[in-house]
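The values are calculated or read from the model by the stated rules, or taken from the named source; none is laboratory data. Everything numeric here is computed off the predicted structure, so don't read it as measured data. When we count neighbours, we look across all protein chains shown, and the Cβ atoms used for this are built from the backbone with ideal geometry, even at glycine. The protein model used for the area step is the full one, side chains on, heavy atoms only, and it has no ligands, DNA or RNA in it. Shrake-Rupley method; radii C 1.70, N 1.55, O 1.52, S 1.80 Å.
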Amino acid sequence: MIERLCYVYGVVPASINTATAPKGIEQGAVNLIPNGEYAALATSVRAADYAPARVEALTADVDWVSERAMAHDRVLTWASDNSPVVPFPMWTLFRVAAAVNAMLSKRRPELREPFSRLGGGREFIVRIYVQAGPLMENLNSHVAALRQLEEEAANASPGQKYLLQRKLEGLRRDAGRDLASKAVSEIFDSLKTCSMQTVREQPVNSGAPREQGRAILNASFLVDPARLVEFQGALTSMVAKYESSGFKFDFTGPWPPYHFVGERTE
């Protein structure tokens, strides 16, 4: 009966020094399981605590999952601060260290590609939301046709004014959609030029839309530390240009390159 399992956080160069590594899952020590040029970051855990049925049952417990998710991320963040890292998803478990070693041997050709591609890049996530009220209030500063039509409506006869105002309503709706689309493209392209790689996902509202606005961009950027100031400058420029028009920016990072490894290392 196996009493202990190896919980694996990810793969790093075997030369990394774990002396400064934080405590891992279950407050356990983080150790290296080396194989050639690479090593797995792992913590020994009780097999009974991580039996599949027990983990499946406990995933409904937000506090239980959150504590382990923070430990998982804490270790990978430390690793990415000190070297390139290929992160593994949570609950990556092996029966014995020999099985981890065998995985590293088998996956070595696959690991070379992401290590070469990721380098020392760090992940930053940018999410953008737009609030309809402020957007509509500031459309005139972005769309010359609206300003012209409003001037015509102000000087028109009552009958003409009604028709022009109806036309204005439709033009505002279309202009709001166009402005949001153009803003997203400009912001994404501006940040992409400062990044090594990008991943764009479906925007999802995580809060109340009335307070947060409508989600219009959810993107991850892999940034070389040498270009971080440039990346931050590009983002600051976009915030200055669009924030007053109802665009809200949510910027987080640096993170380990979670979005840039995918199935190739799972």
Candidate set: the range 26-43, residues that are closer than 20 Å to Arg68 by Cα, of a type outside the set (Val, Ile, Thr) and not in a strand (DSSP E or B); chosen: the one least open to solvent (accessible area, probe 1.4 Å): Gly28
Selection from the range 84-95 of residues that are out of contact with any Gly (no Cβ under 8 Å at 6 or more places or on another chain) and either open to solvent by 70 Å² or more (accessible area, probe 1.4 Å) or within 27 Å of Ser195 (Cα to Cα) (or both): Pro89, Met90, Trp91, Arg95
Count of residues meeting criterion [in a helix (DSSP H, G or I) and of a type outside the set (Phe, Trp, Tyr)] in the range 215-257: 19
Members of the range 60-90 found to be free of Cβ contacts under 8 Å to residues at least 60 places away in the same chain, of a type in the set (A, V, I, L, M, F, W, C) and within 15 Å of Tyr258 (Cβ to Cβ), listed by number: Ala69, Met70, Trp78, Met90
Single condition Ala240 does not satisfy, out of (1) over 29 Å from Leu118 (Cβ atoms); (2) touching a strand residue (DSSP E or B) at 6+ places or on another chain (Cβ under 8 Å); (3) modelled with pLDDT of 90 or more: (2)
All positions within the range 65-108 that are closer than 13 Å to Ala42 by Cα and hydroxyl-bearing (Ser, Thr, Tyr): Thr92
Residue in the range 91-111 that is modelled with the highest pLDDT, counting only those that are among the charged types (D, E, K, R) and in contact with a helix residue (DSSP H, G or I) (Cβ under 9 Å, 6 or more places away or on another chain): Arg95
Condition broken by Ala71, with the remaining ones in (1) open to solvent by 70 Å² or more (accessible area, probe 1.4 Å); (2) touching a Ser or Thr at 6+ places or on another chain (Cβ under 9 Å) satisfied: (1)
Answer from Arg107, Arg46 - the residue that is out of contact with any Leu (no Cβ under 7 Å at 6 or more places or on another chain), of a type outside the set (S, T, N, Q), under 23 Å from His259 (Cα atoms) and open to solvent by 20 Å² or more (accessible area, probe 1.4 Å): Arg107
Conditions (1) outside any loop (DSSP other than H, G, I, E, B); (2) out of contact with any strand residue (DSSP E or B) (no Cβ under 8 Å at 6 or more places or on another chain); (3) among the small types (Gly, Ala, Ser): number failed by Ala79: (2)
Residue in the range 14-25 that is free of Cβ contacts under 8 Å to residues at least 40 places away in the same chain, over 28 Å from the mean Cα position of the chain (by Cα) and open to solvent by 30 Å² or more (accessible area, probe 1.4 Å) present: yes
Pairs, first farther than 20 Å from Leu217 by Cβ in the range 114-127, second in a helix (DSSP H, G or I), C-beta under 7 Å, six or more apart: Pro114/Arg264; Pro114/Thr265; Leu118/Phe260; Gly120/Pro225
